[in-house]
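The values are calculated or read from the model by the stated rules, or taken from the named source; none is laboratory data. Predicted model only: the values in this text are computed from it and were never measured. Quick reminder, even Gly has a Cβ in these numbers, built from the backbone with ideal geometry, and neighbours come from all protein chains shown. Keep in mind that these areas ignore ligands, DNA and RNA; they rest on the heavy atoms of the full protein, side chains included. Shrake-Rupley method; radii C 1.70, N 1.55, O 1.52, S 1.80 Å.
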Amino acid sequence: AAVTVVAVGWSVSALARFVRRKPRVRAALPPRADAPQLKDIPGIFERQKAAFEEKRTMPVEKRLQQLRAMKNMLLENEEHILEALRKDLRRPDFESLGNDIGIPLGEINCAIKNLTKWVHPQRVSASLATFPSSQYTVSEPLGVALIIAAWNFPVMLALAPLAGSIASGCSAVVQIQTTSRHTAELLLDLAAKYLDPKVATFLGPRISDGDRAVTSALLEHAFDAVFFTGSPAGGRYIAAAAAKHLSRCTLELGGKNPAIVDASADISLSAKRLVWARMLNAGQFCIGPDYVLCHEAVVHDFLQECKRWTVQFFGSNPQKSNDFARLVNGERFSAVNSLLESHGGETVVGGATDEHDLFIAPTVVKVSQDSPALNDETFGPVLWVVAVPTMDVAVRVIRSKPKPLSLYLFCRSAALEQKIVSETSSGGVTINSCLLHAAHQELPFGGVGNSGFGSYHGKATFDCFTHQKAVLKKSMWPDGGIVSDPSFIYPPYTEGSLRAVRMLFG
């Protein structure tokens with residue numbers, strides 16, 4: 001099931017080949033790269049700006065060469081990447097392969113396949129107001145991009161947007177959050193080995209000042225595009241800093257994502273898919289279902305199925321399971337553990353914790369609508385379940401909260417599907433499953449309101465870093481201006497001028 005998360009940028013046949021293939025021969029670890037320091041940031045920005053002004057990043061063949069280099073970086077270092085992620089998150093290789101390697105590979109493959117088409121001017125149909133003329137749009141790279149990648153899927157969240165930046169012709173600076181320290185340091189070294197630093201420079205690891213100081217120092221500079229993945233609080237800070245330079249922002253933020261289970265749903269399948277999606281990466285990702293609004297007529301059966309699937313997935317002692325990740329650090333453990341101590345509900349399954357092991361068991365808890373657990377994003381392996389008497393109540397609960405990044409609906413009613421899609425607002429919706437709206441190449445992925453703005457995946461990633469420049473060429477006809485240069489547009493204006501305008505725009 002989780003391999004569906006890989007689907008961005010992949011055809012069915014290509015995905016099948018990726019799953020069946022054997023890993024490439026393990027490459028030697030790259031040499032330890034010189035790590036840029038805080039004092040180097042002004043020089044790095046000026047270097048990237050100069051590289052863009054010199055059109056170093058612009059030739060299509062250069063873009064393709066760098067995309068292929070990034071693809072080789074992933075394929076040749078698969079084992080190193082998986083090992084680093086195991087050290088940082090104790091995450092099963094299946095989840096890491098599908099998300100941190102598969103998704104950026106899909107983005108890279110999509111860009112390589114379509115780049116020539118994307119950069120070609122796109123013709124626009126004629127307009128009576130400008131006739132006779134020809135018109136088209138040009139995808140113009142924005143300039144120097146700043147990509148700030150979160151720690152929970154550190155490879156994917158750095159390289160997926162970077163694929164769009166490179167494809168667009170931008171020069172980029174990529175800040176890797178050092179919470180996932182081993183993976184961040186590996187990425188720094190790999191990028192230095194495989195990529196042209198004037199196309200993409202990575203920084204963050206081995207800077208003693210810390211992530212926040214690095215972000216603050218970077219945002220002092222007038223980047224043309226800023227792509228940030230993180231929390232809503234972080235997004236507000238990024239947006240305020242970027243506004244000083246009028247930098248275009250893409251904010252991929254989190255949110256407390258709701259799921260709705262109607263009485264008409266397949267209850268066992270709903271529980272199976274929600275438990276799987278909640279516990280992926282120990283719940284540490286932005287589109288995971290956070291709480292379930294379950295119709296009260298089926299809530300008992302739903303909770304029992306959640307318990308059954310949790311045990312089936314992870315065993316009676318999930319701490320010994322090789323298929324369950326850990327919290328990234330003590331701060332994250334404490335935040336989730338405090339919710340377990342204060343929710344005021346009934347724990348159906350799980351609840352065990354081990355701070356030394358950064359372990360919180362896969363947990364399902366039935367809570368009331370006024371539980372404090374429903375206030376903020378959990379970002380951990382806990383699924384909160386609330387019984388509701390009607391779907392109208394479910395809609396009201398969702399509308400009373402900030403707009404989420406994702407919403408999930410389980411039902412067998414086309415009318416209810418239409419009601420939920422039309423009466424709620426979220427970044428995206430998956431019906432009768434989880435996560436999959438973020439796994440389709442042709443569906444842009446992004447938030448709304450509190451969950452962010454802007455979108456990426458597939459061509460939308462390319463569009464993040466480009467400006468669609470409008471170009472119109474007025475035709476020069478030998479008609480004495482009767483059609484090509486009509487007199488009514490020039491002063492002195494007459495009643496005939498007004499009639500002509502009304503005819504054109506009325």
| note | Selection from the range 402-427 of residues basic (Lys, Arg) and in contact with a helix residue (DSSP H, G or I) (Cβ under 8 Å, 6 or more places away or on another chain) yields LYS403, LYS419
| Those residues of the range 447-475 which are in contact with a Phe, Trp or Tyr (Cβ under 7 Å, 6 or more places away or on another chain), surrounded by 20 or more Cβ atoms within 10 Å (Cβ to Cβ) and of a type in the set (A, V, I, L, M, F, W, C), in sequence order | PHE462, CYS464
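Select, from PRO444, PRO478, the only residue that is at pLDDT below 95 and either touching a Ser or Thr at 6+ places or on another chain (Cβ under 8 Å) or surrounded by fewer than 16 Cβ atoms within 10 Å (Cβ to Cβ) (or both). Before you say what the answer is, go through the steps one by one.
Working: PRO444 fails: at pLDDT below 95.
On inspection, the qualifying residue turns out to be PRO478.
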| said: Residue under question is LEU162, and the condition is that it be open to solvent by 10 Å² or more (accessible area, probe 1.4 Å) and not β-branched (Val, Ile, Thr); does it hold? | reply: no
| 2 or more residues of a type in the set (Val, Ile, Thr): qualifying helices (runs of 4 or more DSSP H) within the range 408-506 | 414-423
| task | Please work out if SER425 is free of Cβ contacts under 8 Å to residues at least 40 places away in the same chain, touching a Pro at 6+ places or on another chain (Cβ under 9 Å) and under 14 Å from GLY255 (Cα atoms). | result | yes
| query | Which numbered condition trips up SER208, out of (1) closer than 16 Å to GLN37 by Cβ; (2) touching a residue at least 12 places away in the same chain (Cβ under 8 Å)? | reply | (2)
| Given ARG86, ARG91, ARG47, which one is over 17 Å from PHE202 (Cα atoms), touching a residue at least 40 places away in the same chain (Cβ under 8 Å) and buried (at least 16 other Cβ atoms within 10 Å of the Cβ)? | ARG91
| said: Scan the range 94-117 and tell me whether some residue there is outside any helix (DSSP H, G or I), open to solvent by 10 Å² or more (accessible area, probe 1.4 Å) and modelled with pLDDT of 95 or more. | reply: no
| query | Going by the structure shown, is GLY496 open to solvent by less than 40 Å² (accessible area, probe 1.4 Å) and under 27 Å from GLU377 (Cβ atoms)? | reply | no
| Name the residues in the range 169-182 that are surrounded by 24 or more Cβ atoms within 10 Å (Cβ to Cβ), in contact with a Lys or Arg (Cβ under 8 Å, 6 or more places away or on another chain) and either of a type in the set (Ser, Thr, Tyr) or not in a loop (DSSP other than H, G, I, E, B) (or both), would you? | SER171
| said: For the range 410-428, which positions are crowded, with 17+ Cβ neighbours inside 10 Å and either at positive phi or touching a Ser or Thr at 6+ places or on another chain (Cβ under 8 Å) (or both)? | reply: PHE410, CYS411, LEU416, SER426, GLY427, GLY428
| query | What are the pairs, 6+ residues apart or on separate chains, where a residue within the range 111-130 that is closer than 30 Å to LEU498 by Cβ has its Cβ under 7 Å from a residue that is of a type in the set (A, V, I, L, M, F, W, C) and open to solvent by 80 Å² or more (accessible area, probe 1.4 Å)? | reply | THR130/LEU472
| message | Checking the condition aromatic (Phe, Trp, Tyr), at pLDDT below 95 and not in a loop (DSSP other than H, G, I, E, B), which residue from PHE45, PHE18 passes? | response | PHE18
| Which ones in the range 372-388 are under 13 Å from PRO362 (Cβ atoms) and small (Gly, Ala, Ser)? | GLY380
| query | On the given criteria, is ARG91 modelled with pLDDT of 85 or more and under 30 Å from LYS117 (Cα atoms)? | reply | no
| said: For the range 352-366, give me the residue count where each residue is touching a residue at least 12 places away in the same chain (Cβ under 8 Å) and open to solvent by 10 Å² or more (accessible area, probe 1.4 Å). | reply: 7
| field | Check on TYR136, of a type in the set (Phe, Trp, Tyr), surrounded by fewer than 24 Cβ atoms within 10 Å (Cβ to Cβ) and in contact with a helix residue (DSSP H, G or I) (Cβ under 6 Å, 6 or more places away or on another chain) | value | no
